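Down below is the structure, laid out as structure tokens.
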Amino acid sequence: MRAYYSPILVTIAIAALIAGCSTTNPEGTDASGAPVTDATKKPGAGAQTGPIAKIDVTKPGAVTGADPRLKTGALAQRSIYYDLDQFDVKDQYRSLVEAHAKYLRENPSAKILIQGNTDERGSREYNVGLGQRRSDGVKKMLVLLGARDNQIESVSLGEEKPQADGHDESAWSKNRRSDILYSGEY
Amino acid sequence: MFAIGLALAASAARAQLQIEITGATEKRTPVAIAPFAGEAALGPTAISSIVRADLERSGLFRALELPPLNPTPTEASTVNYPEWRSRLADALVVGSVSSRPDGRYEARFRLHDVVKQTALGGIAYTMTKDQVRATAHRIADFVYEKLTGDKGVFSTRIAYVVKRGNRYELQIADADGEGAETALASFEPIISPAWSPDGRRLAYVSFENKKPVVYVHSLLDGKRNVAANFRGSNSAPAWSPDGKTLAVTLSREGGSQIFLLNPDGSNVKRITTSSAIDTEPRYSPDGKWLYFTSDRGGTPQIYRMPPTGGEPQRVTFEGSYNVSPRPSPDGKQLAYITRNSGKFQVALQDLENRQVQIITDSDRDESPSFAPNGRMILLATVIGGRGLLSAVSADGRFKQRLSAATGGDVREPAWGPFIE
């Protein structure tokens, strides 16, 4: 049965179940062999006597509550932005990177693509190189935080896929970025 | 997102690129190109008018307006040189078109040097109606070569990318912008088209896989293979002069470094070893050097090294941003993009005496490409917010603009080779 409960409630349910097993079952255990109430025949009977809740750690959200598919929450932030000619991850984005690193650590089969981007100025091919420097920098930080190298591919889109179409610093600053994509998004 | 690879099929007959001439060379040779007798039989576009437009577009000739000539002279006519001299012509082209019994046509022409009062030669072509443009271009090539000493490029083709909305097309057109055909249509960007030396294949970078991948595309049958799709980014393909090797930029070993591989993707060999961005490799025409862009010195500059390996030498020293090296076909000059007071412009360096000349005065120039005779440079630029191509003579004086006739931005030009 798929657990629809939040992780906290699931944890409490497990604890209650374990606690329940160590004391007398209120439905009655009969040492003479009288039938014990079969709790599995009473779905939703309550935390103490209900069926065993299954925890599936291969599914997103199982451990940390974080799900990259959600539009809110720790993993919803996917973009790191940069100053001109820079490719280091600024302090304000560290917690974003840490959240994704934690998810990758705890979900070893998860994979991501990091796409580095630049603003439109200059040679397109040199900008592919600059975008690569940016995505490589994010990957490096993720690996230092415990993600595995083979979970992450870092690539560059150069100046080719801007987020903002203008030709001024307001647009350019939105285009100097790395984007994190999860499987199914690329 | 999928991309459609197409064999070049005859598509829209109308021009896909419009050409506007701006600027002029100081000395343009006045040439009289008389209508060819009987040329109306070939259709609405006169063969002589295509020859006229080609020669004008080179920036080296001025086609004279002629009064009605009765009778229309042909290649067989006796030429009254003093009469043509009085019309201020230095040279004269006359010709004729006649139909053959097999349904094809014969186009003949003769070129006269009016000043020296002598014929310089002529050719007869057997042709069909749909070869009017190709035949006219050959005539213009002949005239150009006889009068300048350089091979004409009127029969060559150009490749470029057009972006309209979210649709990208890699197109190939005649050097005059006519007859454009689409080699690849995609919803993701296409950059860096590169002609194989025999003109039969294009290498390019496509982002259809959400990352840059290098393809080699056969123009005759539209078949393509992946040349490089390694982990990370794959870009900047450049053909060796013998067509057997591609230089590319790969991030598969970290950073952006230059590798050599076979066009089928096999036999990968790394040749730069820096922790910088090394990219935009380009072979010199004699194959002895690989020019490339590197920021190993702090900002992007142009270097060169032997393709077999060795210590790179720095080539550019003026300014803090020099990229996109393009050796000239004769190997004596290097065109590139330089950032000059914040503007991206085309620079030309004499590789012998190291002198640098900036030959454009625009703002956002990219991707210079030499015509195979070295006389013109095609580049991408932005004017009035619109991406278009500009062709500039090697001395910077003569300019044309080529824009997409049906809207959209044009970029990433690559001038094709001479086709024998």
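Laid out as a table, the results:
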{"read-out": "Residue mean of other protein chain beta carbons inside 10 Å, B:336-348", "value": "1"}
{"read-out": "Full-stretch length increase - A:Asp83, A:Glu98 - with 0.36 nm per residue and alpha-carbon distance subtracted", "value": "3.3 nm"}
{"read-out": "Listed pairs A:Lys140/B:Lys223; A:Lys90/A:Lys161; B:Lys332/B:Lys399; B:Lys163/B:Lys399; A:Lys90/B:Lys210 exceeding 31 Å between Cα atoms", "value": "A:Lys140/B:Lys223"}
{"read-out": "Efficiency of FRET between B:Asn340 and B:Ser275 - r from beta-carbon atoms, R0 22 angstrom, step 0.05", "value": "0.20"}
{"read-out": "Full-extension gain in nm, B:Thr78 to B:Lys244, via 0.36 nm per residue minus C-alpha separation", "value": "54.6 nm"}
{"read-out": "Contact order relative to length of chain B, as percent, for alpha carbon pairs under 8 angstrom and 6 or more apart", "value": "14 percent"}
{"read-out": "Neighbourhood net charge (12 Å Cβ-Cβ; Lys/Arg +1, Asp/Glu -1) for B:Gly408", "value": "+3"}
{"read-out": "Within-14-Å neighbourhood charge of B:Leu351 [Cβ basis; K, R +1; D, E -1]", "value": "+3"}
{"read-out": "Separation in nanometres of the label points that stand 7 Å from Cα toward Cβ, at B:Glu420 and A:Ile52", "value": "7.9 nm"}
{"read-out": "Other protein chain Cβ atoms within 10 Å, averaged over every residue that makes up B:183-194", "value": "2"}
{"read-out": "Near-label residues of the range B:27-59 by backbone N, under 16 Å of a point 7 Å along Cα→Cβ of B:Leu88", "value": "B:27-33"}
{"read-out": "In degrees, nearest ten, helix B:47-57 long axis to first principal axis of chain B (Cα)", "value": "50 degrees"}
{"read-out": "Amide H partners (placed H, <5 Å) of B:Glu188, local residues excluded", "value": "B:Tyr168"}
{"read-out": "Inter-part distance where the range B:270-327 and the range B:160-223 are each reduced to a Cα centre, Å", "value": "25 Å"}
{"read-out": "Exercise: per-residue mean of other protein chain Cβ atoms within 10 Å, A:158-164", "value": "3"}
{"read-out": "FRET efficiency, A:His167 to B:Gln117 (Cβ-Cβ, R0 41 Å, nearest 0.05)", "value": "0.10"}
{"read-out": "Sorted peptide list for B:216-228, B:67-79, criterion being average Cβ within 10 angstrom, highest first", "value": "B:216-228, B:67-79"}
{"read-out": "FRET efficiency estimate (nearest 0.05) - Cβ-Cβ, B:Asp395 to A:Lys140, R0 56 angstrom", "value": "0.70"}
{"read-out": "B:Ala41 versus B:Asp361: modelled label distance in nm, points set 7 Å from Cα along the beta carbon direction", "value": "5.0 nm"}
{"read-out": "B:Asn209 paired with A:Ser183, simple spin-label distance in nm, labels 7 Å along Cα-to-beta-carbon", "value": "1.8 nm"}
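No lab work stands behind these numbers, since they all come straight from the coordinates. Computed from a prediction, not measured in an experiment: that's the story for all the values here. Every residue, glycine as well, gets a Cβ built from its backbone with ideal geometry; the counts of neighbours run over all protein chains shown.
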